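Following: one structure in structure tokens, then a few remarks.
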């Protein structure tokens with residue numbers, strides 16, 4: 001059994017079966033597609049029109065291998081839950097900032113979100129510009145070509161899997 005003291009220090013720990021459990025936190029503006037990205041990864045299928053039922057934070061877990069497991073925390077983009085989400089930033093192994101690539105306001109909030117996250121953690125931040133499928137030909141993407149951004153659509157299972165492969169490499173148990 002994992003002691004409460006270990007959980008307070010970090011959301012990474014070894015469970016009863018000596019499986020390494022690490023945590024990833026998804027955050028960003030409301031309606032950027034955080035929950036859709038997570039569900040596409042977990043179910044290996046896109047589900048349109050999914051609505052978060054619980055405000056604040058939702059939790060999922062996925063076995064990566066016999067020795068590794070990933071806890072996934074899906075936070076809301078609402079400011080009134082900042083106190084809760086700030087706690088998860090501090091305890092995460094990596095933070096995924098998701099913005100809507102087709103929404104100028106969402107993309108322009110990247111600096112604000114990165115600053116907010118960095119106030120609570122020194123862990124890696126991966127910036128994801130989601131909903132690239134909504135960018136129409138000829139329309140300017142609000143996301144500039146930047147090697148630090150991952151551009152994808154939660155409708156594309158392969159690109160979502162690629163993101164999670166990057167997450168697993170970042171927290172260093174992707175090849176076990």
Restricting to the stretch 45-58, name every residue that is surrounded by fewer than 15 Cβ atoms within 10 Å (Cβ to Cβ) and at pLDDT 90 or above. 45
Can you find even one residue in the stretch 2-12 that is farther than 17 Å from residue 124 by Cβ, at pLDDT 90 or above and part of a helix (DSSP H, G or I)? no
In the stretch 61-84, residues that are surrounded by 15 or more Cβ atoms within 10 Å (Cβ to Cβ), in contact with a helix residue (DSSP H, G or I) (Cβ under 7 Å, 6 or more places away or on another chain) and modelled with pLDDT of 90 or more total 4
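When you scan the stretch 91-116, how many residues do you find that are in a helix (DSSP H, G or I) and surrounded by 22 or more Cβ atoms within 10 Å (Cβ to Cβ)? First the steps, then the outcome.
Taking the stretch 91-116 and keeping what is in a helix (DSSP H, G or I), we get 91, 104-108, 110-116.
Add one more test, that the residue is surrounded by 22 or more Cβ atoms within 10 Å (Cβ to Cβ), and what stays is 106.
Adding up the residues that qualify gives 1.
The values are calculated or read from the model by the stated rules, or taken from the named source; none is laboratory data. A quick note: this is a predicted structure, and the numbers were derived from the prediction, not measured. Cβ sites come from the backbone with ideal geometry, for glycine too, and all protein chains shown count toward neighbours.
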